[in-house]
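Just so you know, all these numbers are worked out from the coordinates, no wet-lab data involved. Bear in mind the structure is a predicted one, so any value in this text is a computation, not a measurement. Heads up, the Cβs are rebuilt from the backbone with ideal geometry, glycines too, and the neighbour counts pull from every protein chain shown.
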Amino acid sequence: MGFPQNLLAEDERVVLHMHPHWKELLAPIMWFLVLAVFGALAVLVVPDTWGNWALWGRIGVGAIAGVLLLVLSIIPWISWATTHYVFTTHRLLLRNGIVTRKGRDIPYARVNDVSFEQTMIQRMFRFGTLVVQSASENGTVDFKDMPKVEMVQSTLYKLVEQDRNRRSHSDSGGV
C-alpha cells in the first residue's frame, strides 16, 4: 500500500516507505493458529449428546475464541499495517494508530543526529531502533523495530545532506 500523495508538497517525493519489522507479526500469527486449533477442537470435542448444553458450549467457546482472536491477532496486525515510517526528499514522517491516528513530521533541517541501536539478535534479523535527534521540543524520536536499520540510517543521513545542499542553493539564488 502506497503512502497518500496528498500529504506531500509539490516537489516532495517518497524515498522510503516502511512498516515495523515483520517480527511484530509473529505473536499475532501464533495466536491465530492456537485459537483456530483450540476453536476447532472445542467444536469437535463437545459431544452432541449434551443437547442444548453442547450448542451453548459451542457458541460460548466460539465467542471467547472470536474475542481473543480479535484482541490477540487481528488488532495487532492492523496496528502493524497502519504504522508507517516514511522518508521523503524533505522530511521524515511517522504515522500510526487504528482509530486514533498519531503523526509526527520532522523536517530534515531540524535533524541534528541520526543513529541506530541493535542487539545481536536484532543484527541477525536485520532490524533495530533508529534514533533521530531533532532540534524541537520533543527532542529524540525512536523508531522501534525498523527493518534494515543500518541502511535506513545511511539513507536518512544522505537525505539530510541533500536537503541542506538544496536549501543552501535555494538561499543563494542557485549560485
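Where does the chain land at 222 nm, in deg cm²/dmol rounded to the nearest 500, when only DSSP H runs of n ≥ 4 count, each adding -39500 (n - 2.57), divided by all residues? Don't skip to the answer; put the middle values down first.
Numbers: 5 runs with 73 residues, N = 175.
Mean residue ellipticity, 222 nm, calculated: -13500 deg cm²/dmol.
Between residue 118 and residue 59, the FRET efficiency from the beta-carbon distance, with R0 = 41 Å, is close to 0.30.
A simple count of charges around residue 148, restricted to other residues whose Cβ falls under 15 Å of its Cβ and scoring Lys, Arg +1 and Asp, Glu -1, yields +1. One decimal place: the segment residue 6-residue 44 gains 8.6 nm when fully extended, by the rule 0.36 nm per residue minus the C-alpha distance.
Can you give the net charge of the other residues whose Cβ lies under 11 Å from the Cβ of residue 91, counting K and R as +1 and D and E as -1? Walk me through the numbers before you get to the answer.
Values: positive: 104, 110; negative: 12, 105, 163.
Combined, the nearby Lys, Arg, Asp and Glu give -1.
What ranking, highest mean first, results for peptides 71-80, 93-102 when packing means the other Cβ atoms within 10 Å averaged over each residue? Each step should come with its number before you reach the end.
Working: 71-80: 15.2, 93-102: 12.1.
Going from most to least packed, we get 71-80, 93-102.
Once the Cα-Cα distance is subtracted from the 0.36 nm per residue extended length, the residue 70 to residue 98 segment shows a gain of 8.7 nm. What the Kirkwood sum gives for region 114-173 is a hydrodynamic radius of 12.8 Å, with every pair of different alpha carbons counted.
Label-to-label distance for residue 126 and residue 30 is 2.3 nm, based on points extended 7 Å past Cα in the beta-carbon direction. Only lysines eight or more places from residue 158 in sequence, or on another chain, were considered; those with a Cα closer than 22 Å are 144, 148.
Span-like helix check, the chain: qualifying full DSSP H segments, with Cα axial length of 18 Å or more and mean Kyte-Doolittle of -0.5 or more, are 26-45, 52-69. Across the chain, Cα-Cα pairs more than 20 Å apart make up 64 percent of the total. Other residues within the sphere of radius under 14 Å centred on the Cβ of residue 160, judged by their own Cβ, net out at +3 (K and R +1, D and E -1).
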